[in-house]
Amino acid sequence: MSSQLPSDSVGLVKPQTLHIEEPLSLDCGKHLDSYDLVYEAYGQLNANASNAILICHALSGDHHAAGYHSVDDAKPGWWETAIGPGKPFDTNKFCVICPANLGGHKGSTGPGSNNPKTGKQYGPDFPIITVRDWARSQEVLRRKLGIPRWAVVAGGSLGGMQVMQWAIDYPDKIKHALVIAAAPKLSAQNIAFNEIARQAIINDPDFHGGRYYDHSVVPRLGLMLARMLGHITYLSDEAMRAKFGRDLRAGRINYGFDVEFQVESYLRHQGASFVDRFDANTYLLMTKALDYFDPAAEQDGNLAKAFAPASAKFLVISFTSDWRFSPPRSREIVDALVDAKKTVSYAEIESDLGHDDFLMTLPHYVRTLSAYMSRVAAEVNK
């Protein structure tokens, strides 16, 4: 790209690393003696640190939510559409912080990090991580940064699940909870998609039981197939039909098993590019965290009881074309919050792309986020 960065971008950003020397107990029964959390921050904290926003990322996300790492960087952060001057998460008014989740593939301690007990990469020895574990580590981040309370915790998809966990586990540390394109737990169908993806990775000959680092290889085929499957679930049938239809790459049928349809070419490209920027062990961990998330399980399936401790005000947003986390799943969250006598606003956005619409700039979506965040800004600046 040119050296002239967009005026509505946070501009050049640099990740920061917080090394934590206190043990973190995990739901699986294990613990991390110490760990790193990598995060990016956009905007400035005000005098009493009351304008801080925590952004929770989705499965394939990381700490780089906005801005650019260099003037030659062709791709901004994954939520560039929402974070920046004049955008819904306005960095002229808020300090926006996005950490990379533990178990991830970029920066924060995960399978590719060195295990201090062995001096080698964790690989499959890295413990299973849950959404609650991420909230625990993010709570440590909050304390270390000296933020008394998050003005907002926001996230889409798996990030939205983290928002709900925050509201339940740390009710006095979060004022507003923005749950976008999420669900109170995965359906059996969604768990099935995740299992097929994991099996593709685990059965790749180059997986080596998760110790592929030691063999200087990557389970490319398995990770590529996992991403291709996942990508299908992020798009609606209407979006795929509009973008590809049944268009043939060469304009004719070749009667073979090579790429013929444009949609085949697209999925292969998505899968191949994903292999170069993601870690297979991380993919296994992230999908398991999705599968395990079910805050109502400890309340005999009663989601309203699970939300009982929450004191935050909620904004829940769904998208009509999202069939992976469909509007009825968001309405389950809303109904439970109403039953628990919590303050909740709900918006169902007309869309056609699918699950990934939460990353887009749909006018109604942007207006909804902006209007809500304007009210939060007014609270912060009182």
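Among the residues of region 146-176, those identified as surrounded by fewer than 17 Cβ atoms within 10 Å (Cβ to Cβ) and under 21 Å from K93 (Cα atoms) are G146, P148, R149.
Check region 147-166 and report whether any residue there is in a strand (DSSP E or B), more than 25 Å from N190 (Cβ to Cβ) and either free of Cβ contacts under 8 Å to residues at least 24 places away in the same chain or touching a Ser or Thr at 6+ places or on another chain (Cβ under 7 Å) (or both).
Going through region 147-166, the residues in a strand (DSSP E or B) turn out to be 150-156.
Filter once more, keeping what is more than 25 Å from N190 (Cβ to Cβ): 150-152.
Now drop any that are not either free of Cβ contacts under 8 Å to residues at least 24 places away in the same chain or touching a Ser or Thr at 6+ places or on another chain (Cβ under 7 Å) (or both), which leaves 151.
Looking for residues that are in a strand (DSSP E or B), more than 25 Å from N190 (Cβ to Cβ) and either free of Cβ contacts under 8 Å to residues at least 24 places away in the same chain or touching a Ser or Thr at 6+ places or on another chain (Cβ under 7 Å) (or both), one finds at least one in region 147-166, hence yes.
If you go through region 221-247 and keep only what is over 24 Å from A182 (Cα atoms) and touching an Asp or Glu at 6+ places or on another chain (Cβ under 6 Å), you end up with L221, G222.
Anything in region 90-143 that is hydroxyl-bearing (S, T, Y) and assigned to a loop (DSSP other than H, G, I, E, B)? List them, or say none. Give the steps one after another, and end with the answer.
Residues of region 90-143 that are hydroxyl-bearing (S, T, Y), as a first pass: 91, 108-109, 113, 118, 122, 130, 137.
Within region 90-143, T91, S108, T109, S113, T118, Y122, T130 meet the criteria.
Which of the helices (runs of 4 or more DSSP H) found entirely inside region 246-332 contain at least 1 residues meeting this: farther than 30 Å from H208 by Cα?
Details: elements: 262-275, 280-292, 303-306.
Filter on region 246-332 gives 262-275, 303-306.
Of all residues in region 112-146, those satisfying the criterion of being under 18 Å from the mean Cα position of the chain (by Cα) and touching a residue at least 40 places away in the same chain (Cβ under 8 Å) are I128, I129, T130, V131, R132, D133, W134, R136, S137, Q138, L141. Considering region 333-362 alone, what residues qualify as being free of Cβ contacts under 8 Å to residues at least 40 places away in the same chain, in a strand (DSSP E or B) and either over 27 Å from H231 (Cα atoms) or of a type in the set (G, A, S) (or both)? Of everything in region 333-362, those that are free of Cβ contacts under 8 Å to residues at least 40 places away in the same chain, in a strand (DSSP E or B) and either over 27 Å from H231 (Cα atoms) or of a type in the set (G, A, S) (or both) turn out to be V344, S345, A347.
Close contacts from region 298-316, counting a first residue that is outside the structural domain of V344 (by TED's automatic domain parsing) and a second that is of a type in the set (S, T, N, Q), with Cβ to Cβ under 6 Å and a gap of 6+ residues or different chains, come to none at all.
Here is a yes/no grid of residues against (1) in contact (Cβ under 8 Å) with a residue 24 or more places away in the chain; (2) aromatic (F, W, Y); (3) surrounded by fewer than 24 Cβ atoms within 10 Å (Cβ to Cβ):
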| position | (1), (2), (3) |
| --- | --- |
| D27 | yes, no, yes |
| K30 | yes, no, yes |
| H57 | yes, no, no |
| H63 | yes, no, no |
| Y68 | yes, yes, yes |
| V71 | yes, no, yes |
| I83 | yes, no, no |
| D90 | yes, no, yes |
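The values are calculated or read from the model by the stated rules, or taken from the named source; none is laboratory data. Everything numeric here is computed off the predicted structure, so don't read it as measured data. Glycine also receives a Cβ, built like all others from the backbone with ideal geometry; neighbour counts cover every protein chain displayed.
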